[in-house]
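Student: After the structure tokens below, expect a handful of questions from me.
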Amino acid sequence: MVNAASAAGFLNNVQQHWPFPTALADCTLVSARFVEDALTAELFERCAIAAPQAARKRQAEFLAARLCARQALYIQTGQAITPSQHEQSRAPRWPQHSCGSMSHSHTLCAAIVGDNKQWQSLGLDIEKPISTERAQRLAQSILTPEEYITFAQLDSRLSARYLTLVFSLKESLFKALNPLTHTYFGFYDAQVLDLEPTDQGHARLRLCKDLSADWQSGDELQGQFSSLHGSAITVVSVAS
């Protein structure tokens with residue numbers, strides 16, 4: 001099915017790789033680029049994926065991310081399964097014995113799949129770099145007071161990179177924990193620690209809010225970050 005999308009000019013640069021500094025056991029990551037203008041109703045039919053009732057841009061993102069997920073599941077499990085959706089939340093429903101996450105940003109898409117013997121949940125996010133001007137405008141709506149102190153001490157280029165990474169890591173954290181807690185939480189409800197705004201690295205994420213009996217304020221998870229075709233890509237993993 002990925003070959004059909006590639007032949008149609010919709011997907012390109014499809015690759016299985018691991019961009020992060022530390023490998024996660026029994027995990028597979030697939031990324032690609034997609035071309036919105038190459039999307040057709042016939043392509044959804046050829047890929048055996050139902051098109052969502054949405055604008056063309058959203059349809060392209062939807063198809064691209066699910067094709068990456070299907071490829072990752074095939075590599076991981078030997079079965080080319082497309083994640084379904086929960087009817088109410090619209091969150092992805094992963095096959096038995098697997099967990100995963102999908103992301104898309106502009107022309108990039110990716111999916112990660114893991115064995116649930118190793119991982120309860122995974123969160124993946126891709127973000128286009130935030131400009132230095134926009135970073136100054138957005139900082140106080142995304143950063144906790146402690147994070148803002150770090151942000152303010154950096155030069156404009158590094159502060160923009162820092163904000164992009166904090167934003168993306170918190171998105172990955174939400175994707176990892178929301179399926180486990182079924183609780184909404186925002187940017188101020190978690191704090192990113194030990195983050196150096198380099199091209200690749202690690203960070204800690206600490207909850208500032210009780211989410212469930214199992215996930216309380218002060219609990220921490222590990223995150224990783226890297227670059228993908230000039231954008232930031234992050235992952236947060238929850239061990240079984």
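Student: How many percent of all Cα-Cα pairs in the stretch 125-239 sit more than 20 Å apart?
Tutor: Every Cα pair in the stretch 125-239 considered, those over 20 Å come to 35 percent.
Student: OK, next. Taking loop as defined by DSSP and a crowding limit of 12 other beta carbons within 10 Å, which chymotrypsin sites (Phe, Trp or Tyr not before Pro) in the stretch 119-176 fit?
Tutor: The qualifying sites: there are none.
Student: Any chance you could run the full-extension gain for GLU42 through HIS17? It's 0.36 nm times the residue separation minus the Cα-Cα distance, nm to one decimal.
Tutor: 6.1 nm
Student: Which FRET efficiency value, to the nearest 0.05, is calculated for LEU193 and LYS117 with the Förster distance at 25 angstrom and r the Cβ-Cβ distance?
Tutor: Working: r = 29 Å, r/R0 = 1.14.
It comes out at approximately 0.30.
Student: Suppose a student asked you for the relative contact order of the stretch 125-239, using Cα pairs under 8 Å spaced at least 6 residues apart; what percent would you report?
Tutor: Details: 199 pairs, mean separation 32.4, N = 115.
Value for the stretch 125-239: 28 percent.
Student: Charges at C-beta only: +1 for Lys and Arg, -1 for Asp and Glu. How large is the resulting dipole of the chain about its Cα centre, in Debye rounded to 20?
Tutor: About 520 debye.
Student: List every DSSP H helix in the chain whose Cα atoms extend 24 Å or more along the helix's own long axis and whose mean Kyte-Doolittle hydropathy is at least 0.0.
Tutor: Membrane-span-like by this rule: 156-181.
Student: Given the pairs LYS128/LYS209; LYS57/LYS175; LYS117/LYS209; LYS175/LYS209, which span a C-alpha to C-alpha distance of over 25 angstrom in this model? Numbers along the way, then the final one.
Tutor: Numbers: LYS128/LYS209 28 Å; LYS57/LYS175 21 Å; LYS117/LYS209 27 Å; LYS175/LYS209 16 Å.
Over 25 Å apart, Cα to Cα: LYS128/LYS209; LYS117/LYS209.
Student: In addition: Sort SER227, SER105, SER31 so that the residue with the fewest other Cβ atoms within 10 Å of its own Cβ comes first and the one with the most comes last.
Tutor: Result, fewest neighbours first: SER227, SER105, SER31.
Student: Let me ask something additional. Counting other C-beta atoms within 10 Å, and keeping those with at most 16, which DSSP coil trypsin sites (Lys or Arg not before Pro) do you find in the stretch 181-240?
Tutor: Here the trypsin sites (Lys or Arg not before Pro) that fit, given the DSSP loop and packing criteria, are LYS209.
Student: Follow-up question, since we're still on this one. What's the exposure ranking of ILE142, ILE149, ILE130, going from fewest to most Cβ atoms within 10 Å?
Tutor: Going from sparsest to densest Cβ surroundings: ILE149, ILE142, ILE130.
Student: Rounded to the nearest Å, what's the spacing between the alpha carbon centres of the stretch 127-178 and the stretch 65-87? Just the number, please.
Tutor: 31 Å
Student: Okay, moving on. I'm spelling it out carefully: the read-out is Rg/Rh (Cα atoms, Kirkwood Rh), the candidates are (i) 1.00; (ii) 0.97; (iii) 1.21, and one was derived from this structure. Which label?
Tutor: (ii)
Student: Find the relative contact order for the chain and round it to a whole percent, using C-alpha pairs within less than 8 Å whose residues are 6+ positions apart.
Tutor: 18 percent
Student: Given ILE81, GLN191, ALA111, which one lies farthest toward the positive end of the charge dipole of the chain, if we put +1 on the Cβ of every Lys and Arg and -1 on the Cβ of every Asp and Glu?
Tutor: Checking the options against the dipole of the chain, the answer is ILE81.
Student: Express in nm, to one decimal, how much length is gained between HIS86 and HIS106 on full extension, taking 0.36 nm for each residue of separation and deducting their alpha carbon distance.
Tutor: In short, 4.7 nm is gained.
Student: Still on this model: For ALA50 and SER131, calculate 0.36 nm times their separation in residues minus their Cα-Cα distance, and state this gained length in nm to one decimal.
Tutor: Extending this stretch completely gives an extra 25.6 nm.
Only the coordinates and a few stated rules stand behind these numbers; no lab work does. This structure is a prediction, so every number in the text was calculated from the model and none was measured. Because the Cβ atoms are built from the backbone with ideal geometry, glycine has one as well, and the counts that use them run over all protein chains shown.
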